[in-house]
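These notes are about the structure you will find just below.
The values are calculated or read from the model by the stated rules, or taken from the named source; none is laboratory data. Note that the coordinates shown come from a computational prediction; the quantities given were computed from them, not determined experimentally. In this analysis, Cβ positions are derived from the backbone assuming ideal geometry, glycine residues included, and neighbour counts consider all displayed protein chains. What goes into the accessible areas is simple: the full protein's heavy atoms, side chains included, and nothing from ligands, DNA or RNA. Shrake-Rupley method; radii C 1.70, N 1.55, O 1.52, S 1.80 Å.
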Amino acid sequence: MAAGTRTYAVVGLALVAAVIAGCSGTGSGSGSGSTTPPASSSSGGGGGRDGQNNAAPTESNPPGDIPDNQAFVAYRPSGGSFTGFTVKVPEGWARTGQGGTTVFTDKLNTVKITAVSAAGAPTTGSVTSKVIPQLRSRVPKFAAPKVSEVTRHSGRVVLLTYQGDSAKDPVTGKVVRDAFERYAFYRAGHEVDLTLSGPVKADNVDPWRIVSDSFAWR
């Protein structure tokens with residue numbers, strides 16, 4: 001009996017060892033031989049379709065910024081009280097006119113040109129005492145007026161900068177906070193006021209310099 005018992009024990013141990021070896025081999029094969037990635041890794045890669053959909057959008061100009069490739073054309077008034085000057089304006093902008101005033105607009109920006117008769121040249125004092133009160137009564141939330149003399153290609157001019165609210169958009173109902181540059185040019189009894197305006201956060205320094213520097217008498 002003892003020998004038979006030992007025989008059964010040896011056979012049993014051999015079977016157990018074989019089962020353990022088989023299980024061990026199967027486990028190692030699934031860990032090292034598998035080449036299929038998890039489902040989540042196949043759909044979230046940066047170079048996959050989702051990665052393309054999540055790419056950053058192409059940057060565009062902020063609202064009110066005049067594009068760097070904006071072209072300018074010479075404007076020569078053909079009617080009104082005075083026509084003896086030229087000034088460059090952005091090409092393609094909508095034009096309206098009434099009396100001695102011509103306005104060019106595009107989206108949120110405006111170029112306004114007004115020609116009037118004047119007994120004398122404007123000064124920082126006259127603009128402060130006469131023009132600012134007029135604008136304060138006409139421009140909604142008029143603020144931050146600053147008067148100075150600056151040099152442009154045509155010579156010395158009086159510059160008035162200020163801020164104000166735009167008219168309410170008839171479609172969206174929105175009101176934009178605008179920054180204004182008003183240049184007063186004068187020669188021989190004639191004054192031409194050039195007003196450039198656009199949103200306060202727009203960077204239009206270069207385009208406005210092109211326009212104001214282009215003014216010339218003729």
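Let me check I've understood the local charge: for V87, count other residues with C-beta under 10 angstrom from its C-beta, Lys and Arg +1, Asp and Glu -1. What total comes out? Show your work: numbers first, answer last.
Values: positive: R76, K88; negative: D213.
My count for the surroundings of V87 gives +1.
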Checklist line | Rounded if a/c under 1.5, otherwise prolate or oblate - region 76-137, Cα gyration tensor axes | finding: oblate
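So which of K107/K146; K107/K168; K88/K168; K174/K201 end up more than 24 Å apart by C-alpha?
Among K107/K146; K107/K168; K88/K168; K174/K201, the Cα-Cα distance tops 24 Å for K107/K146; K88/K168.
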Check: Just the accessible area for F142, please: 1.4 Å probe, Å², rounded to the nearest 10?
Finding: 20
Margin query: Give me the percent of accessible area attributable to carbon and sulfur for region 141-186, probe 1.4 angstrom.
Written below: 52
Notebook entry, point to check: If Lys and Arg each add +1 and Asp and Glu each add -1, what is the summed charge of the other residues whose beta carbon sits under 14 Å from the beta carbon of R138?
Noted result: +2
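Which of the three applies to region 168-209, rounded, prolate or oblate, going by the alpha-carbon gyration tensor with a ≥ b ≥ c and a/c under 1.5 meaning rounded?
Working: a/c = 4.30, a/b = 1.93, b/c = 2.22.
Oblate, since a/c reaches 1.5 and b/c is not below a/b.
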